[in-house]
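Read through the structure below, which is laid out as structure tokens, and then see the notes.
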Amino acid sequence: MFTCDICGQGGLSEPDMRTHILIMHEENEYSCPMCNLSGISYNELMFHIETSHSEVKPVDDNRTMYSIEQEGVLDSSLQTSRLTDLKHKTTLEPQEFGGDRMEKPKPEQLQMSHSASPSDCERTFRQNVKTKSEPKRLIQSESVNGHFSGKVWRQPEQTLFDKNRRETKSNGLCSTSEESMKFDTPECPFCGLIGNAGEDLSEHVKSKHAEILETPQKGCGKQRLYPCPMCKLVFVSCQILQEHVELHLAESRAEECALADRQLAQKLQEDEEMQRKAIETKREQDEFQKLQRQYGLDNHGGYKQQIMRNMERAVAQGQMNPAEYHRRRAEVMETLALGEDDGTTRTSGLIKMLNQHYQKNGAEIRHVILCAETDHYHASLGDKGWGCGYRNFQMLLSSLIKMEEYKHDLHDIAIPCIPKIQSMIEEAWKDGFDPQGAAHFKNKLQGTRAWIGATEIYSLLTFLRIKCQIVDFHSPTGPSDTHPRLFEWIWQFYSSGRDAGLWLQSKVIWTSKPPIYLQHQGHSRTIIGIEERKNGTLCLLIFDPGNQEMQKLLHHDVTAVNLKMLRRFLGSMKHKQYQIVAVNGLLTVEEKNARKHASAVLTAEKVP
């Protein structure tokens, strides 16, 4: 038979004892003797005392006694009476029967129990109340090695008492084993509502008793904190947290707007860049097509096609009658078939006329040097705008075929027409001369209006075994972007050699040297002499293939006004670069072969 240690009722069997404890004591409501907490069950009271009033010290007579160290200490006699009443209700020690034995607190746990502060009581109580799956078991505190161990709550897995209950007494101390109390379902610690699962109870406590959880109990000054979900800041008020989060959201929206603005600006910049590139590409294409047309590389036909179109246009405009058109067309076809120039653009006897003029006139002239007899060729309807290089070659060749030194080696060739000159240059390329120039023109000149320059003239003369050189005046050497070195070189070229002794005999020196081919950007001309004035300045005498009025010099008296079309002073020669091709003899076969595969550009002599 058993006796209830809580109320003293005796004569109870084991099943009656379980029922008595469950009904009479488990369902009763208790109040904390040390604070104002009331309306809780026995197990909740034990858990509350353990967590909120854990500062208990053992007494010398081996009886349990609690001491509360808080602000406003209770009267010692009142505390003693309350603790004595509490002692009679807490002497039971639940034990597990049938192998699930009671677990005693370890010394480390006892030490932690003593060190718990009142401020932690509510947090510990609430955490244990909210726990859904943690076992809850009440263990009686006892004195272990002079230290007091408080009660620990653990949730039972079942709600039945163990079959056995034992009571032992030793050394005048009574250690009573209580039956472990296990519950079928979790129960709300505030209103006693029995739930179906731990999660339902947790939701019930959060929704129905939120004000109890959020309100700190007396003696526990812990204030609830609200951490920001977007940064590491913590706030004491949910309103402040809300304002803070709204700032985050506003900043995020501002960043999104800024990102959208940057993307829009980037897109506009990319569109502007694409438009600029398109405009630049079109401009480059237009300039390239313009250069192609200028240099005759636009595949619009060559000399023959151009002269035919120009004559047809002259007939349409009334400048040429149909009979003359057919006559001229027949002459053009004949000259093209023969490969000879028709002579319609040639003016002969100009060097002889200049020699006579300087013998009688030119008081301001100290010396003048003239080249060998040279014919002037100007542009026609077939090569207007692009044929200056070919016309200058005709001038140079007209002088060479009249000189005994070159006449025999040139095999008494006639002055070729422009398509024939193009064919001769292509033959020179095929023979290995100027491979870079050939690649530039894609090895084709016939049927095009391609411009030629000093390198093509050099290659053609070398192919004909005419010894020549290219001199490159690549930058200005005088003030105002002038080229005094060019004038000095021309003067030195004509004043040297076997004709140097004539200086002492005459003011005018008519040499046996051929003219000089002169090239600059966009145009080429032929130098036929040079003047030295009494003030020491030099003046070049030039045949320009673009001048179609050279016949006037033969039919009228030559005056200083007429000579303006021939004279070029230092101040009027301001192109950035000039190149000249000067003939000075014949080449042997070995010398010709040595120059065959050499680039004309590399052969050029550069004058600083």
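The values are calculated or read from the model by the stated rules, or taken from the named source; none is laboratory data. All values reported here derive from a predicted model rather than from experimental measurement. All Cβ positions, glycine included, derive from the backbone under ideal geometry; neighbour counts span all protein chains shown. Remember, those area values only see protein heavy atoms, side chains included, never the ligands or the DNA or RNA. Shrake-Rupley method; radii C 1.70, N 1.55, O 1.52, S 1.80 Å.
Just a few scattered comments:
- When each of Lys290/Lys402; Lys290/Lys442; Lys444/Lys467; Lys352/Lys384; Lys420/Lys507 is checked by Cα-Cα distance, pairs over 30 Å: Lys290/Lys402; Lys420/Lys507
- Exposure of Ile490 as accessible area (Å², to 10), given a probe of 1.4 Å and all protein chains: 0
- Prolate/oblate/rounded label for region 412-452 (Cα gyration tensor, a/c 1.5): oblate
- Accessible carbon and sulfur surface of region 219-377 relative to its total accessible area, %, 1.4 Å: 53
- Per-residue SASA entry for Tyr377, accessible area with 1.4 Å probe, Å² rounded to 10: 0
- Surface share of carbon and sulfur [accessible, 1.4 angstrom probe, percent] for region 421-527: 51
- Taking Thr3, Thr335, Thr462 and ordering them by how much accessible surface each has at a 1.4 Å probe, largest first, produces Thr3, Thr335, Thr462.
- Qualifying GluC sites (Glu not before Pro) in region 335-393, DSSP loop, other Cβ atoms within 10 Å at most 12: Glu364
- When the square roots of the Cα gyration tensor eigenvalues are ordered a ≥ b ≥ c, the ratio a/c for region 401-496 is 1.5 or more and a/b does not exceed b/c, which makes its shape oblate.
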